[in-house]
Amino acid sequence: MSVDSIIRNVPLIVRYRQSSGGTINLCEFSRSTLAFLSKGKKFIYYGDKRIGISPGEVIYFEKGTYYVEDVPDEHNEFEQILIHFEPEQFCEYLNILTSNFGTDIDASHICQNCNTELVVEQAAPGVLAFFSSLNGYFDEGVIGGDKPAGIIMVTELLYFIFREKDSCVRSKLLRDVSFDKNDFRKIIYDNIFNNITIEELARQCKISVSSFKKEFRTQFKKPPHKWFLQQRLEYSRFMLITTNKGIMQISNECNFSNSSHYIKLFKTEYGITPSAYRVRNKNKHSIALQ
């Protein structure tokens, strides 16, 4: 199984099922991967070890090649969910959690298990509930090329992972992406909802305004004003389908000048009003990040 051909700027969420097994296969991951086993048994051949994975366990794979064996249970069922993502995407999701939800991000937990290329641990209650809910999304066709849905879902998963201070998966994820609270991207994300000038952002990043603009385009592929506006609109869309807050409150929290201006910008960007978007999507994408 290879993910070399996937679209890089979208997290890929896949449900994998089979009714036969018992053979060892080469598995190539070209992106970092989180896997959750829900049915059957999985064996990973790692060095001279054969690591057994049971239902309810989470596995974190670094990019690389692995030999795996997927074995159906007594009902001839094997099922796992795989989430593939790039480290750059992961940093953006962490920035959302820290900037918008105040989630505590640190890798203070370190043990022998954290220092291996792959990490296996029992899913915490929130993580278990998250993966259980994904089956409903798959059955309803919600997952599949929907970038906002993918971002919301992966951010939700990370929220539940980072609530567990002693999680090896938590520590492994952080150390592999080298998350730095003082880097350029973190400063930008910290100021998404602030009324701040380009000059002040450049000062915080300790570079000139011209260098800041050049670096911003390199990092985000857009000019600052357009990118900040799209991020505020994107977050407002997230709030519309995950909270019961009113349009005016969402407009204020996302730092738009007034609700009428927000509604106009939202419709221009997405072709639909915020209220209509909420009615159309809330039941499909309702999650627990409140």
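Determine ³J(HN,Hα), in whole Hz, for all residues of region 51-68 in sequence, where each value follows from phi through the Karplus function 6.51 cos²θ - 1.76 cosθ + 1.60 and θ = phi - 60°; x replaces Gly and Pro.
Couplings: 8, x, 10, 10, x, x, 9, 10, 10, 10, 9, 6, 4, x, 10, 9, 9, 10 Hz.
Express the carbon and sulfur contribution to the solvent-accessible surface of region 189-290 as a percent, rounded to the nearest whole number, probe 1.4 angstrom.
Carbon and sulfur together cover 50 percent of it.
Using a basic spin-label model with each label point 7 Å from the Cα along Cα→Cβ, how many nm lie between residue 133 and residue 208?
Roughly 4.9 nm, to one decimal.
Tell me which trypsin sites (Lys or Arg not before Pro) from region 190-237 have a DSSP coil assignment and no more than 15 other beta carbons within 10 Å of their own.
Listed in order of number, the matching sites are 206, 221.
Rounded to the nearest percent, how much of the accessible area of region 29-100 (1.4 Å probe, protein heavy atoms only) is carbon and sulfur?
For region 29-100, the apolar C and S fraction of the accessible surface comes to 47 percent.
So what does residue 132 come to for accessible area, using a 1.4 Å probe and Å² rounded to 10?
About 70 Å², ignoring ligands and nucleic acids.
Once phi is turned into θ = phi - 60°, what whole-Hz ³J(HN,Hα) does the Karplus curve with 6.51, -1.76 and 1.60 give for every residue of region 250-261, x standing for Gly and Pro?
Ordered by residue, 3J(HN,Hα) equals 5, 4, 5, 5, 8, 6, 8, 5, 6, 5, 5, 5 Hz.
Accessible area per residue, 1.4 Å probe, Å², for region 181-290: what's the number?
Per residue, region 181-290 has 57 Å² of solvent-accessible surface.
Leaving ligands, DNA and RNA out of it, work out the accessible area of residue 209 with a 1.4 Å probe and give it in Å² to the nearest 10.
Roughly 50 Å² of residue 209 is accessible to a 1.4 Å probe.
If I model a spin label at residue 229 and residue 183 as a point 7 Å from the Cα along the Cα→Cβ vector, what separation in nanometres do I get?
The answer from the label model is 2.9 nm.
In region 25-65, which GluC sites (Glu not before Pro) are in a loop and have at most 15 other Cβ atoms within 10 Å, using DSSP for the loop call?
The qualifying sites are 62.
The values are calculated or read from the model by the stated rules, or taken from the named source; none is laboratory data. As the structure is a prediction and not an experimental result, all values here were calculated from the model. FYI the Cβ positions are ideal-geometry reconstructions off the backbone, even for glycines, and counts take in every protein chain you see. Please note that ligands, DNA and RNA were not included when accessible areas were found on the heavy atoms of the full protein model with its side chains. Shrake-Rupley method; radii C 1.70, N 1.55, O 1.52, S 1.80 Å.
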